[in-house]
Structure formats: C-alpha cells, structure tokens
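Here is the structure we will look at, set down as structure tokens.
The values are calculated or read from the model by the stated rules, or taken from the named source; none is laboratory data. As the structure is a computational prediction, the values presented were derived from the model and not from experiment. Counting neighbours? That spans all protein chains shown, and the Cβs are built from the backbone with ideal geometry, glycine included.
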Amino acid sequence: MNWKIYLAAALVIAGVILLSSCYGTRKTLLFENRVYHWKVYFVKKRHLSVGTYAHFEVYYKGVQLILPKEITDGKRAVGEFASAVAVDNRSSQFGTLIVVFEGDFQRDDGVPFRSFITLHIRPDGKAGLIVHNPCNGHEAQMEIAYLSPE
C-alpha cells in the first residue's frame, strides 16, 4: 500500500516540475553602456501552448524603450525587437544603438507585406533620443515621455 502513495507523490512532483519548466521568462543582459546609459537584454519566454519565443528589449536610463507608431510603421508601437546591438566604442558612432523589428506595410495595389526595419538611435545630449532611418535618411526626435517605466 505504501508504494502506491510514494508513486502518486512522485507523479505529482514530476508533474509540477514538468509544468513549471514549460513556463517562464529569462532575461539576460547582453550589453551595457555606462556612458550613454543603454542596456540591451535578450529575453526568452516559454509557454506550454505557444512554445519558446525570444526577442530583445532595450532600456535607456533604466526605462524600457518603446518606439511610438509615428516612428515605426504607423500601425503599432514597438518595444520588442528582432535584434538590437550597440556600436563599438572604437567607432565614430559610439553611443548609437541599432534596432531591427518587423513592420506591417501595404503595397500600392493593396497587398499587405511584412518587412524588417532597421533604425539607429542615439541620445541627443538632452533628455531625448534621435531616431535615424538609414534606408531613407529620415530623422525623428523622440522625447523621453515615449519611454515606459521598467
């Protein structure tokens, strides 16, 4: 009779361990720039029904960077990036952060398509950020008000 109790307890413990390993979020600091106060995190989320999802999050002065829809594709604000990297300190662009995300667009004939967008972001020396699109050369000023707290 005791072996049935032990077996049931072992199955319950195994089930709890299995389900707890199928859920969770792990955030790894990849880069920190102490001069310009950038932090880039690699975030890996696990969910039993969806699977594993990975993205990058960027923090500026302790606040998560969320690009407003006026700067991105015009449809949504972006806070999770497909890729994020900081420029090396040996470059003339030191302090610049490069982010890549996927945008939703529509062709002239009405067919929707998705495309990756690359933006260069750098501090403006005050309380804001300058967002530069290297593909078309446009720049936008982004105030710190668009940043959401951590």
- Task: Hey, can you tell me all the residues within segment 71-88 that are surrounded by 12 or more Cβ atoms within 10 Å (Cβ to Cβ) and under 17 Å from residue 103 (Cα atoms)?
- Result: 71, 72, 73, 76, 77, 78, 79, 80, 81, 82, 83, 84
- Report yes if some residue within segment 46-53 is touching a strand residue (DSSP E or B) at 6+ places or on another chain (Cβ under 6 Å), under 17 Å from residue 102 (Cβ atoms) and surrounded by fewer than 17 Cβ atoms within 10 Å (Cβ to Cβ); otherwise report no. yes
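Conditions (1) out of contact with any Ser or Thr (no Cβ under 7 Å at 6 or more places or on another chain); (2) exposed (fewer than 13 other Cβ atoms within 10 Å of the Cβ); (3) modelled with pLDDT of 80 or more, marked per residue:
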| position | (1), (2), (3) |
| --- | --- |
| 5 | yes, yes, yes |
| 23 | yes, yes, no |
| 29 | yes, yes, yes |
| 33 | yes, no, yes |
- Query: Tally time: how many residues in segment 37-84 are closer than 18 Å to residue 122 by Cβ, in a strand (DSSP E or B) and among the hydroxyl-bearing types (Ser, Thr, Tyr)?
  - Reply: 3
- Contact list, first residue from segment 47-74 and more than 28 Å from residue 35 (Cβ to Cβ) and touching a residue at least 40 places away in the same chain (Cβ under 8 Å), second anywhere and among the small types (Gly, Ala, Ser) and surrounded by 12 or more Cβ atoms within 10 Å (Cβ to Cβ), beta-carbon distance below 6 Å, six or more apart or interchain, is 73/103
- Residue count, segment 46-64 (criterion: out of contact with any Gly (no Cβ under 7 Å at 6 or more places or on another chain) and modelled with pLDDT under 90): 11
- Flag for residue 121 being farther than 25 Å from residue 28 by Cα, out of contact with any helix residue (DSSP H, G or I) (no Cβ under 9 Å at 6 or more places or on another chain) and surrounded by 13 or more Cβ atoms within 10 Å (Cβ to Cβ): no
- Scanning segment 94-118 residue by residue, the ones that are surrounded by 14 or more Cβ atoms within 10 Å (Cβ to Cβ) and of a type in the set (A, V, I, L, M, F, W, C) total 7
